[in-house]
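The values are calculated or read from the model by the stated rules, or taken from the named source; none is laboratory data. Keep in mind that what you see is a predicted model, and the values were worked out from it rather than measured. Note that we place each Cβ from the backbone using ideal geometry, even for glycine, and neighbour counts take in every protein chain shown. Remember, those area values only see protein heavy atoms, side chains included, never the ligands or the DNA or RNA. Shrake-Rupley method; radii C 1.70, N 1.55, O 1.52, S 1.80 Å.
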Amino acid sequence: MWRKACLGLLRLLRWQNVLVRPPEARGLILVYPHTSNWDFVIGILFSIGSGLNAQWMGKDTMFRWPFRGLLLRIGGVPINRRERSGLIAALLEEFRRRDRMWLAVAPEGTRAYTDHLKSGFYQIALAGNLPIGLGYIDYGRRCVGIDTYVRMTGDEARDLATLRGFYADKRARVPGLVGDFRFRASQEP
């Protein structure tokens, strides 16, 4: 019932959805670009409607009463972004512990403009040998989906070029806030 309701709401809002099922039991879903709170709404409707059953990370301040229970039930994982906490190691351990897990990550780390991506998704994909589903919310075509899966090679320039090429024709809700496809030179995740 919830799946049909979410897909019906997407259709009512004139959104198309596309899903090629994940090729493996575990992996990451890159959500790019992320420039608006509407991305969350469209993304959750897509995730529930398609039966994707993905986890997603959000700042812990979102997970307060009265919404905490609902956000956890729809796959939310609260993250404290105010302090470094060994998040990458913890997520890799969680991937090892679970039989199935697809984690949606917004590599910009914010809806505001940033001139680089956070590298955590890249480090997790390489260290865990995990595929990445290239998720998008394309406001130009009003299409939300995941139809391409890739593996990172460890050649950072080549991998970022692959991602840049895929997302080149995807339009954000607020195009001026789209971050560049590069990592900060001396960045720690």
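Of note:
- Scanning segment 119-146 for residues that are part of a loop (DSSP other than H, G, I, E, B) and at pLDDT 95 or above returns ASN129, LEU130, PRO131, TYR139, GLY140, ARG141, ARG142.
- Every condition in (1) open to solvent by less than 50 Å² (accessible area, probe 1.4 Å); (2) within 28 Å of GLU83 (Cα to Cα); (3) out of contact with any strand residue (DSSP E or B) (no Cβ under 8 Å at 6 or more places or on another chain) holds for LEU160 except the one numbered (3).
- Lone qualifier among SER36, SER85, SER47 - being open to solvent by 30 Å² or more (accessible area, probe 1.4 Å) and small (Gly, Ala, Ser): SER85
- Filter pass, VAL150 being farther than 13 Å from GLY27 by Cα, within 17 Å of the chain's Cα centre (by Cα) and open to solvent by less than 70 Å² (accessible area, probe 1.4 Å): no
- Filtered residues of segment 92-112 (kept if farther than 21 Å from GLY179 by Cβ and either among the hydrophobic types (A, V, I, L, M, F, W, C) or open to solvent by less than 50 Å² (accessible area, probe 1.4 Å) (or both)): LEU92, GLU94, PHE95, MET101, TRP102
- Cross-chain or 6+ apart pairs with Cβ under 7 Å, segment 170-189 first and closer than 14 Å to PRO33 by Cβ, then modelled with pLDDT of 90 or more and basic (Lys, Arg): PHE181/ARG164
- Evaluation of PRO107 against (1) closer than 30 Å to ARG11 by Cβ; (2) out of contact with any Lys or Arg (no Cβ under 6 Å at 6 or more places or on another chain) (one fails), failing number: (2)
- The residues listed here are PHE95, PHE46; of these, the one that is touching a residue at least 12 places away in the same chain (Cβ under 8 Å), outside any loop (DSSP other than H, G, I, E, B), farther than 16 Å from GLY145 by Cβ and touching a helix residue (DSSP H, G or I) at 6+ places or on another chain (Cβ under 8 Å) is PHE95.
- Annotation: ASN17 fulfils all but one of (1) of a type in the set (S, T, N, Q); (2) open to solvent by 20 Å² or more (accessible area, probe 1.4 Å); (3) farther than 17 Å from PRO131 by Cβ; (4) in a loop (DSSP other than H, G, I, E, B); the unmet one is (4).
- Here TYR113 meets each of (1) assigned to a helix (DSSP H, G or I); (2) more than 18 Å from ALA54 (Cα to Cα) with one exception, condition (1).
- Residue in segment 20-28 that is outside any helix (DSSP H, G or I), at pLDDT 90 or above, in contact with a helix residue (DSSP H, G or I) (Cβ under 6 Å, 6 or more places away or on another chain) and open to solvent by 20 Å² or more (accessible area, probe 1.4 Å) present: yes
- Considering only residues in segment 49-92 that are assigned to a strand (DSSP E or B) and either under 24 Å from TYR139 (Cα atoms) or of a type outside the set (A, V, I, L, M) (or both), the one that is modelled with the highest pLDDT turns out to be GLN55.
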